[in-house]
Amino acid sequence: MRKTDVLGVRFDEVTLDGAVSRLVGYLGDEGFARIVVTPNPEMVMEAVRDESFRNILNLSSLCVPDGIGIVAASKMLGGGLTRRVAGIELIDALFARLSEEGRECSVYLLGGKPGVAERAGKKLEQVYAAVRVVGVCDGYFDAERERLIADEIGAAAPDVLLAGLGFPKQERFIDRHRAAISAKISIGCGGSLDVFAGEVARAPLAMRRLGLEWLYRLVRQPSRFRRMGALPIFVLMVVKQKFRRRGV
């Protein structure tokens, strides 16, 4: 599958339907532990600063653009990304596809404040016939407990691990404990568990279609203003990458 390079992060040129088909295929594989990442511009900037994080993203089985800024950067660079593939929509679409096909999917939920993963699991089981939650854990743990959690996930042997620890913690956790976790698919899902649990609302559909979900979240969570400082730098670096390719 073709890839688009945005500041050193290689994205799969795939639609939402194509990404779901890839995940369904992964679930049919035996003995593979696939990592799925969904970088937005903030994550790409972290990857620019940290080579080890960039390597985790680039060695993933599937890397999709969770951010309209990534799609815009791809167009500027002549890449093949045509549409945002939001992580939460990818998860929803996967469970919907499996439910339609009458398949079962065991899921472990990691992250959020105490109680969030439990509520998210109950909601997912109510909405999707395919989902069977085999374990949950909040996102508040120290280094000593981390290993125990990884072993617990491994014992549960889920088809899918949803790790909502925020980046880069969730990707590093998955990469560090990949062998112990042994999930067929591990996805770093950011704040998706809060949405599934009903703790946080997504932007209205019209705003999402216009690529303005980031603005909705910014208004609802002013604390994100500091993180948004990375976006102008992201744009400047993409412009520089474009000119480098032209030999300017």
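Just report the Cα centroid separation between segment 50-81 and segment 137-200, whole Å. Using only Cα atoms to place each centre, the spacing works out to 22 Å.
What does the helix-only formula give at 222 nm for the chain: each DSSP H stretch with n ≥ 4 adding -39500 (n - 2.57), the total divided by the residues, and the result rounded to the nearest 500 deg cm²/dmol? Intermediate values should be presented prior to the final figure.
Numbers: 13 runs with 125 residues, N = 248.
The helix-only estimate for the chain comes to -14500 deg cm²/dmol at 222 nm.
Placing unit charges on each Cβ (+1 for Lys and Arg, -1 for Asp and Glu) gives the chain a dipole about its Cα centre, and among ALA19, ILE68, GLY154 the Cα reaching farthest toward its positive end belongs to ILE68.
Rounded to the nearest 5, the antiparallel percentage of DSSP beta bridges internal to the chain is 15%. Taking the 1.4 Å solvent-accessible surface of the chain as the whole, the part contributed by carbon and sulfur is 53%. Mind sorting out which of [x] 18.5; [y] 21.3; [z] 19.1 is the real Kirkwood radius over Cα pairs in Å computed from the coordinates? For Kirkwood radius over Cα pairs in Å, the calculated option is [x].
Tell me the per residue accessible area of the chain using a 1.4 Å probe; a whole number in Å² is fine. Don't jump to the answer; show the numbers that get you there.
Numbers: 12000 Å² over 248 residues.
For the chain, the solvent-accessible area averages 48 Å² per residue.
For the residues ALA230, ALA86, ALA163, a GNM of the chain with alpha-carbon springs under 10 Å puts the largest fluctuation on ALA230. Computed over the chain with a Gaussian network model linking Cα atoms closer than 10 Å, the most mobile of ARG119, ARG209, ARG84 is ARG209. In the elastic network of the chain, a GNM with C-alpha springs shorter than 10 Å, the most mobile of ARG147, ARG132, ARG54 is ARG147. This model, with +1 at the C-beta of Lys and Arg and -1 at the C-beta of Asp and Glu, gives the chain a dipole about its Cα centre of some 1260 debye. Normalised by the number of residues in segment 1-148, the mean separation of alpha-carbon contacts (under 8 Å, six or more apart) gives a relative contact order of 21 percent.
Net charge dipole, segment 1-90: roughly 260 debye, given to the nearest 20, about the Cα centre with Cβ charges of +1 for Lys and Arg and -1 for Asp and Glu. Look at the alpha carbon pairs under 8 Å that are at least 6 residues apart: their mean separation over the length of the chain gives a relative contact order of 22 percent.
For segment 1-42, the C-alpha radius of gyration divided by 2.2 N^0.38 Å, with N the number of residues, is 1.31.
The values are calculated or read from the model by the stated rules, or taken from the named source; none is laboratory data. The shown structure was predicted, so the numbers you read here are calculated from the model rather than taken from an experiment. We place every Cβ from the backbone using ideal geometry, glycine too, and count neighbours over all the protein chains shown. Quick note on the areas: whole protein, heavy atoms, side chains included, nothing else; ligands and nucleic acids left out. Shrake-Rupley method; radii C 1.70, N 1.55, O 1.52, S 1.80 Å.
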